[in-house]
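Asker: First, the structure itself, so that you have it in front of you.
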Amino acid sequence: MGCFVARAQPPFPGAQGPYRYPPSSIGLVDWDWLLRSSDGYLRHEDKATVLDLLGLEPGMIVADVGCGSGFYSFDVARSVGGEGLLFAMDMDGDLLRELEGLALDISLNPHQNVISVENDPRDLGFAEATLDMALLFHLDFPAMAPLQDDKRAFLRSVVSALKPMGRLVAMEYFQGEQSDPQGARPSPSPGLPTERALVVNLEANGLLPVERHELLEYGSVLWIFQKPSTHAPP
């Protein structure tokens, strides 16, 4: 198992349950999060549509990778219910402290099934075949080419953590693909994420693209990839 730095040291994913992570008091919290979460680009997200597309079911184990302060985390945790788990994962400890404070609110986190994890940048840290679903929303790097070595290793660890038939859901704003005046196929702008790179990178890790949904006039696209029942590591 790779590096796994969990706040308050809950059991490692894949350990024998049942277990829960009760968030502890962590001092000052920016309680205007619910207002701020509707500012900036996130105000354009149709959260209800996104959640519906995920196809969440009670009892699922889901990782929200790059969760920030939990824009989607608490909704997903409620959807998987008391028998499920939501791992809220980020490399930014300040954002996780904010999420931990919010998780104390029983109206946001009624099942107390949110586990906050400060993850390693090269390894998600899960045992193999732990997750039913991994959410990678607005991280950019999965849709970049070429991938740096640490990002390539991180993606491998995400795919390894998925159960057979588990799903990876990626959502990005693909400003980098624009049609030219002659109507040719979209070509990427340097340094920006592209759908082409996203599909290539995840297919290279053995995932199959199964659904594509255009969500916003600003170019946000949600892709769902599935791990085959028999998966050979790249």
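The values are calculated or read from the model by the stated rules, or taken from the named source; none is laboratory data. As the structure is a computational prediction, the values presented were derived from the model and not from experiment. Here the Cβ is made from the backbone with ideal geometry for all residues, glycine too, and neighbour counts use every protein chain on show.
Asker: Return the total of residues in the stretch 164-194 being surrounded by 20 or more Cβ atoms within 10 Å (Cβ to Cβ) and either at pLDDT below 95 or farther than 15 Å from residue 138 by Cβ (or both).
Answerer: Going through the stretch 164-194 one residue at a time, the tally reaches 8.
Asker: Now for a different question. Every residue in the stretch 61-90 that is in a loop (DSSP other than H, G, I, E, B) and either at pLDDT 90 or above or at positive phi (or both), please.
Answerer: 66, 67, 68, 70, 72, 81, 82, 83, 84
Asker: How many of the residues making up the stretch 107-132 are among the hydrophobic types (A, V, I, L, M, F, W, C) and either on the phi > 0 side of the Ramachandran plot or free of Cβ contacts under 8 Å to residues at least 24 places away in the same chain (or both)?
Answerer: Final tally of qualifying residues: 1.
Asker: Kindly provide the set of residues from the stretch 195-234 that are at pLDDT 90 or above, of a type outside the set (A, V, I, L, M, F, W, C) and over 22 Å from residue 49 (Cα atoms), ordered by number.
Answerer: Within the stretch 195-234, 196, 201, 203, 205, 206, 227, 228, 229 meet the criteria.
Asker: Which condition number in (1) in contact (Cβ under 8 Å) with a residue 12 or more places away in the chain; (2) of a type outside the set (D, E, K, R); (3) surrounded by fewer than 23 Cβ atoms within 10 Å (Cβ to Cβ); (4) assigned to a loop (DSSP other than H, G, I, E, B) is the one that residue 146 fails?
Answerer: (1)
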